[in-house]
Structure formats: C-alpha cells, structure tokens
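S.K.: I'd like to ask you about the structure that follows.
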Amino acid sequence: MSAEIIKKELSNEDKQLILRAKFALMHYLKMTEEQAHKFIEKQSMNLRQSKVKTAISILTTYDVKNFMLD
C-alpha cells in the first residue's frame, strides 16, 4: 500500500495573511518577492509550523499597527 499525501488547501484569508507577510518583508527588509516567499517557506520548515503561523509571526513583528487577529 502506498501512503497518500493529504494537502490542505489554504483559504483566501490564509493566502491574504501570507501575502501581507511577504509585503512586510519586502518593505521592512528590502527583500524581493521571491526572497520573501523563500524566507517564509524556510522559516516554516525550520520551525515546523504552517506558513500561516509564520506569516502571523512576521506580521506581529513588522506590521503590528496594521495587523488584527479576529
């Protein structure tokens, strides 16, 4: 029997969080979009957490005044 990989689809809200985190990295750390994308992926893998959790962490670090968690 082969193992099946279940991939969770991201909601639009999650995609927006990740996009905002990318823009925050681009603005504050002067990264390109590709660098910001790779940074979020690498941080997520290194910390063994989802990209959404990594994005929230980035937003709370760099974009506090514009970030609200409902």
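S.K.: Could you run the Karplus curve 6.51 cos²θ - 1.76 cosθ + 1.60 with θ = phi - 60° over the range 23-30 and give me ³J(HN,Hα) per residue in whole Hz, x for Gly and Pro?
M.R.: Once θ is set to phi - 60°, the couplings for the range 23-30 become 5, 5, 5, 5, 6, 7, 10, 6 Hz.
S.K.: Applying a 10 Å radius around every beta-carbon, put 26-34, 10-18, 48-56 in order of their mean neighbour count, most first.
M.R.: By packing density, highest mean first, the sequence is 48-56, 10-18, 26-34.
Taken together, the values in this text are just the output of simple stated rules run on the coordinates, not laboratory data. Just so we're clear, the structure is a prediction, and the values are computed from it rather than from any experiment. Positions of Cβ are generated from backbone atoms using ideal geometry, with glycine treated the same way; all protein chains shown enter the neighbour counts.
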